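Just so you know, all these numbers are worked out from the coordinates, no wet-lab data involved. Nothing here was measured: the structure is a model prediction, and the numbers come from that model. Cβ: placed from backbone, ideal geometry, glycine included. Neighbour counts: every protein chain shown.
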Amino acid sequence: MYTLNKQQVDTIVADVEMAKITFLHLAEDLIDHICCEVEQEMNQGKSFNEAYEIIKQQTGIKVLQKIQENTRLLIDKNYKLMKTTMKISGLISLAMLGLATVFKIFHWPGAGIGLVLGFFILCVLFFPSAIYVNYRDAKKKGQLILHLSILVGGIAFMAGILFKVQHWPGANILMEIGFIVLLWIFLPILLYVKLKTASDKKEKRIYIIGVIALMVFEISTAFKMFHWPGAFVLMLLGSAMLFWIFLPMFTYRKFKESGKITGQYIFLITTSMFFILFTFLLAMNVSKNVLVTFVNDDSDKLIVAQYYENKNDKLVADFLSQPDSLKTNKESQIIKIQQEAHDLCNFIHDIKIELIQAVENVDSATAIEYLSKTFMINSKDNNDFVTKIMLGKNANGLAISLKEKTETFKMNIHSNIPDNQDINSMVDKLLDTSDKMHDSQIRSWEQINFYNTVIISALQILSDLELKVQLIESESIKTVIHKNI
């Protein structure tokens, strides 16, 4: 009668461990059963590999996995509760996020609520329960930190995505925490665990390449999202390592081991590709075409504003050059209108410089250059600094001061030209800073214009306001000059 040697037994033991039979008595029974069956086949003249392949098709490993699962559900109430929670919350969160995404695409009401609830269920119920179930299934020493790191990093990253989609402040901080934990804690520990279980040097090499490629790719994603230099090169390198090196090596290895491509493997590859695609889309926060439109519009407004500034200065200069007999008492009135308009425009200009300095982290001279060439601004879609500077923490932001100065300028125009209904009506319309209905609720002028507004749009709003002030200045001065002529 043929007896298996130690190397052959170790092969069977390794396969049982790979099947995640963690209950000791079930694992021992399965190993003993497979060894006996293989020896019986080998007594009929078959080789070990032939005999073992036949038994693997017949032994019923999946049946014992199911027995282990049922046993754990009976004796471990926490595991049963987490397993049930994972299944239910996973279905609910997926359904809510799917519907909310459709609502978001078509701009239907309720999309925001659906996204928030879907992400809440995903982060608070599904993800923790899935991590717990996986940890109990693995049941290996030294993997507690591995599971805790993916739990903390994953929740922080998913919360950051929600904040990013909803344009809430703090999105970048949450995503930075997620990136740091996942890249520098979870992935290195995962690589260490995989290297310990690898059967040979080739498998270890595949794992090393895969983890390095994934780290490079996700670092490039972080660089892209936070507008740091070098994102393109890193993303190109990470993509090449993932798709041209790691994936072919991993596919060949799996096919060589099993002789076929399993459904589980196809699901893994499909999920990975969707993850990579989602990461690409997430990194490209705002369409370049949209940003280019904002840049072009702002550049046009700057040109028109410069035209009105030169026109108004010439208008005043021509008036002041006239004889004193023609100027009567209009000179002080015109100079007052011009000075008030210049003060407000200078205040708007200073706000734009401060925004660019904060977003780009540059000095005043560089910010002035960026203002005249807005295409040079790297973080065109940054909204955190706009909200922080313009609104402030306790309603003390620059938008409040801007609103007050705009209202003051409007009242001064009314007082200087009280009897011209056309000018006063134009001023009220162009400089309307009243509260309005927005997103089904009453919101202030400063909230509508600057809450979670990307900087390139905020600059355009400020340039538009500056242009209106100059237009009012021009019409008001002309009205005063031609009055009673």
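Amide H to amide H distances under 5 Å link GLY397 with GLY392, where only residues 5 or more positions off or on other chains count and H is placed in the peptide plane.
Quote the FRET efficiency, to the nearest 0.05, computed for PHE106 versus GLN166 with a Förster distance R0 of 22 Å and r equal to the Cβ-Cβ distance. FRET efficiency, PHE106 to GLN166: 0.80. Scoring 103-113, 410-420 by mean Cβ neighbours within 10 Å over their residues and listing the highest first yields 410-420, 103-113. Computed extension gain for PHE375 through GLN57, at 0.36 nm per residue and net of the alpha carbon distance, reaches 108.1 nm. Full extension of the segment from ASP32 to ALA198, taken as 0.36 nm per residue of separation minus the current Cα-Cα distance, would add 57.4 nm.
On full extension, the segment bounded by ILE208 and PHE243 gains 11.1 nm, given 0.36 nm per residue less the C-alpha separation. Label zone (LYS478, point 7 Å along Cα-to-C-beta; backbone nitrogen cut-off 19 Å) within the range 407-449: 413-414, 416-431. Summing charges over neighbours of ILE472, with a neighbour being any other residue whose Cβ is under 14 Å away from its Cβ, gives -4 when K and R count +1 and D and E count -1.
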